[in-house]
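Participant: Mind looking over this structure? Questions follow.
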C-alpha cells in the first residue's frame with residue numbers, strides 16, 4: 001500500500017498500491033479496497049509478500065495488505081520509518097475494512113522508526129536546522145560585506161566560506177542526531193554528506209537571490225525554504241498525505257528533498273534518493289552559477305559606468 005495526497009471530501013489516504021494474495025483472493029481484495037467510501041485507495045496486486053516487502057523498502061509503496069485466503073487473519077505490512085502517522089492511518093483504515101468483512105489483521109512493521117524518534121519527526125527537524133543554517137550563514141555574509149559581492153572574486157570567496165560552513169554544519173547535525181541523541185539510525189557519514197549538501201544548497205541559493213535582488217533576497221530565501229518549504233516537506237504528515245499543492249512543490253524544495261533522503265538513509269537502507277539528491281544538487285549548482293554571474297554583471301556595469309564618466313581626450 002502506498003498513500004498519496006487527499007482530495008476534497010476524501011480520506012487523507014489517497015493510495016494503497018498493494019494487496020498481496022493468490023490471484024483470485026487478490027482480485028477480490030482489490031475490489032473491496034476500491035469500494036471504500038470516498039474512494040481513498042488505489043489498489044493493485046503484486047506477486048507475493050516478499051515482493052511487497054522489497055517494494056516497501058525501496059520506497060515504491062508505503063504498505064501492503066497480505067490476504068490469507070485459507071484463513072481469517074490477514075497481515076498489514078507498514079513502514080513507520082516513513083511516517084508514523086501514515087502507518088497508523090493505514091492500520092486504522094485496514095482494521096475498519098477487516099472488521100466489516102469479519103476478518104482480523106495483524107500489523108508487521110518492516111521499517112520501524114527508532115524509539116527515540118518521536119512521531120518520526122527527527123529527520124524533518126534535522127533538515128530544517130540545516131536549511132536555517134544555510135540561509136542564516138549567507139545572510140550574515142551579506143550583512144557583514146554587502147548584499148551584492150562587488151566582483152566574481154568576492155563571490156567565489158563567499159561560496160568557499162559557505163562550503164566550509166556547510167561541511168561543519170553537516171557534521172554537527174549528523175553527530176548530534178545520531179551518536180549523541182540516538183534519534184536517527186543510519187550512517188553518520190551519509191547524513192554528514194546530506195547535511196553539507198542541504199546547507200550549501202540553501203546558502204548558495206540565498207547568495208544568488210541576494211546577488212540579484214539585494215537584501216530583499218534574504219526574504220525571498222525565507223519564503224522558499226520556510227514559508228513554502230516547511231509545510232511541503234512531509235514532516236508531521238508524510239509527503240503522500242499532503243494536500244495537492246504542497247505535495248506538488250515539496251519534492252522540488254530543499255526541505256522536502258532533504259527530509260526524503262534523511263528518512264531513506266535512516267530507515268530504508270539509502271534507497272530511492274537519486275531524484276532528491278539531484279534536486280539538492282541543482283539548487284547548489286544553479287545558486288552558485290547565479291551568484292557568480294550576478295557578480296560578473298555587477299563588475300561589468302561598474303566598469304562601464306567608470307569608463308563613461310572618464311574625460312574624453314581630443
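Participant: When residue 190 is evaluated against the numbered criteria (1) buried (at least 24 other Cβ atoms within 10 Å of the Cβ); (2) touching a residue at least 60 places away in the same chain (Cβ under 8 Å), which criterion, by number, is the only one it fails?
Facilitator: Only one criterion is unmet by residue 190, namely (1).
Participant: Quick one: residue 114 ticks every box in (1) outside any helix (DSSP H, G or I); (2) more than 30 Å from residue 197 (Cβ to Cβ) bar one, so which box is it?
Facilitator: (2)
Participant: In this structure, does residue 175 turn out to be at pLDDT 95 or above, surrounded by fewer than 17 Cβ atoms within 10 Å (Cβ to Cβ) and in the same structural domain as residue 293 (by TED's automatic domain parsing)?
Facilitator: On the way: at pLDDT 95 or above: yes; surrounded by fewer than 17 Cβ atoms within 10 Å (Cβ to Cβ): yes; in the same structural domain as residue 293 (by TED's automatic domain parsing): yes.
In short, yes.
Participant: While we're here: I'm checking my understanding of the structure. Among residues of the stretch 86-100 that are in contact with a helix residue (DSSP H, G or I) (Cβ under 7 Å, 6 or more places away or on another chain) and touching a residue at least 40 places away in the same chain (Cβ under 8 Å), which one is farthest from residue 265 (Cα to Cα)?
Facilitator: Keep residues of the stretch 86-100 that are in contact with a helix residue (DSSP H, G or I) (Cβ under 7 Å, 6 or more places away or on another chain), which gives 86-87, 97.
Those left that are additionally touching a residue at least 40 places away in the same chain (Cβ under 8 Å): 86, 97.
Working: 86: 19, 97: 33 Å.
Of everything passing the filter in the stretch 86-100, 97 is farthest from residue 265 (Cα to Cα).
Participant: Still on this structure, please answer the following. Given the conditions (1) surrounded by 24 or more Cβ atoms within 10 Å (Cβ to Cβ); (2) not in a helix (DSSP H, G or I), which single one is not true for residue 126?
Facilitator: (2)
Participant: Identify the residue in the stretch 72-109 that is in a loop (DSSP other than H, G, I, E, B) and surrounded by 19 or more Cβ atoms within 10 Å (Cβ to Cβ) and, among all such residues, is modelled with the highest pLDDT. Talk me through it step by step, then tell me what you get.
Facilitator: As a first pass, look at the stretch 72-109 and keep what is in a loop (DSSP other than H, G, I, E, B): 72, 79, 83, 101-103.
Filter once more, so that each one left must be surrounded by 19 or more Cβ atoms within 10 Å (Cβ to Cβ): 79, 83.
Numbers: 79: 94, 83: 90.
My answer is 79.
Participant: Here is a further query. With respect to residue 211, determine if the residue is part of a helix (DSSP H, G or I), at pLDDT 95 or above and in the same structural domain as residue 125 (by TED's automatic domain parsing).
Facilitator: No.
Participant: Residues that are surrounded by 19 or more Cβ atoms within 10 Å (Cβ to Cβ), modelled with pLDDT of 95 or more and touching a helix residue (DSSP H, G or I) at 6+ places or on another chain (Cβ under 8 Å): find the helices (runs of 4 or more DSSP H) completely inside the stretch 231-314 holding 2 or more of those. Reasoning before the result, please.
Facilitator: Numbers: elements: 244-249, 254-267, 274-309.
So the answer is 254-267, 274-309.
Results for (1) assigned to a loop (DSSP other than H, G, I, E, B); (2) in the same structural domain as residue 239 (by TED's automatic domain parsing); (3) at pLDDT below 65, shown as yes or no for each residue.
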| residue | (1), (2), (3) |
| --- | --- |
| 11 | yes, no, yes |
| 26 | no, no, no |
| 29 | no, no, no |
| 33 | no, no, no |
| 38 | yes, no, no |
| 60 | yes, no, no |
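The values are calculated or read from the model by the stated rules, or taken from the named source; none is laboratory data. On a predicted model such as this, the values are computed, not experimentally measured, just so you know. With ideal geometry, Cβ positions are generated from the backbone for all residues, glycine too; neighbour counts draw on all protein chains shown.
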